[in-house]
Amino acid sequence: MSDAFTVLWTHETCRALRREGRVGEQPPVAFSGVHTSLPAWSSARPGDEVYALHVNRRVAYVVSHMRILSMERQPCCGTPPATWQDPKHPGHDAWEMLGADGCGASPVHVEGTPVRFDQPIPGELLERLTWRNRRGQTRVLKYVQDGLLERSISLQGFYRLTPESADELAALVHANA
């Protein structure tokens with residue numbers, strides 16, 4: 001059985017997606033890292049789903065829903081860098097804002113829904129979304145007040161959703177597709 005995760009895309013990432021004209025396009029790749037500057041997707045496997053989220057003015061949005069295809073470098077990634085100054089993933093220059101230059105960035109090939117910024121997570125759903133760790137302990141978001149997210153700190157990272165929350169996010173994405 002596959003798992004579902006969330007990853008928070010920063011304002012900087014989302015501004016770059018807009019600036020580079022990626023809104024409406026399906027991301028073929030995202031990047032995982034070994035440094036805190038880039039979320040580590042190490043607990044995910046091919047077949048798992050990832051919901052890329054963004055928070056703007058206290059509202060959380062689903063930016064893209066992705067299914068992981070591969071977590072290894074592929075020919076589409078281009079030639080591996082010979083020096084530290086070379087581009088790390090030249091075949092994915094169009095999507096480098098998703099972390100290609102992050103410390104220890106490795107490609108995660110995905111099949112994603114088009115990037116969009118108009119799919120808010122309703123406040124009542126936001127209040128009950130639940131994540132679980134490897135030991136099975138669950139948690140909800142902190143700082144949700146009146147259906148708005150006062151602080152995004154508890155979304156920052158790469159976190160496994162409970163199956164029920166994954167189903168609810170999937171229903172939201174498919175209802176608004």
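Six or more apart or on different chains, Cβ under 9 Å: which pairs go from a residue in segment 18-32 that's within 15 Å of Met66 (Cα to Cα) and of a type in the set (Gly, Ala, Ser) to one that's part of a loop (DSSP other than H, G, I, E, B) and modelled with pLDDT of 95 or more? Could you list them? Within 9 Å, the pairs are Gly24/Pro114; Gly24/Arg116. On inspection, Val144 does not qualify as closer than 16 Å to Asn56 by Cβ, in contact (Cβ under 8 Å) with a residue 60 or more places away in the chain and surrounded by 19 or more Cβ atoms within 10 Å (Cβ to Cβ). Scanning segment 106-141 for residues that are touching a helix residue (DSSP H, G or I) at 6+ places or on another chain (Cβ under 9 Å), part of a loop (DSSP other than H, G, I, E, B) and either touching a residue at least 24 places away in the same chain (Cβ under 8 Å) or over 19 Å from Tyr159 (Cα atoms) (or both) turns up Thr113, Phe117, Gln119, Ile121, Pro122, Leu129. Restricting the first member to segment 80-97 and to residues that are at negative phi and surrounded by 11 or more Cβ atoms within 10 Å (Cβ to Cβ), and the second to residues that are of a type in the set (S, T, N, Q) and assigned to a helix (DSSP H, G or I), the beta-carbon pairs closer than 6 Å and six or more apart or on different chains are Met97/Thr13. Mind telling me which of the residues Pro90, Pro114 ends up being in contact with a Gly (Cβ under 6 Å, 6 or more places away or on another chain) and either modelled with pLDDT under 90 or among the small types (Gly, Ala, Ser) (or both)? Being in contact with a Gly (Cβ under 6 Å, 6 or more places away or on another chain) and either modelled with pLDDT under 90 or among the small types (Gly, Ala, Ser) (or both) holds for just one of Pro90, Pro114, which is Pro90.
Across segment 14-35, which residue is nearest to Asp48 (Cα to Cα) among those that are β-branched (Val, Ile, Thr) and in contact with a Pro (Cβ under 9 Å, 6 or more places away or on another chain)? Among them, the one singled out is Val29.
Would it be correct to say that Glu96 is closer than 19 Å to Ser32 by Cβ and either of a type in the set (D, E, K, R) or assigned to a helix (DSSP H, G or I) (or both)? Answer is yes for this residue.
The values are calculated or read from the model by the stated rules, or taken from the named source; none is laboratory data. Note that the structure is a prediction, hence the values are computed from the model and not measured. For neighbour counting, all protein chains shown are included, and Cβ atoms are generated from backbone atoms with ideal geometry for every residue, glycine included.
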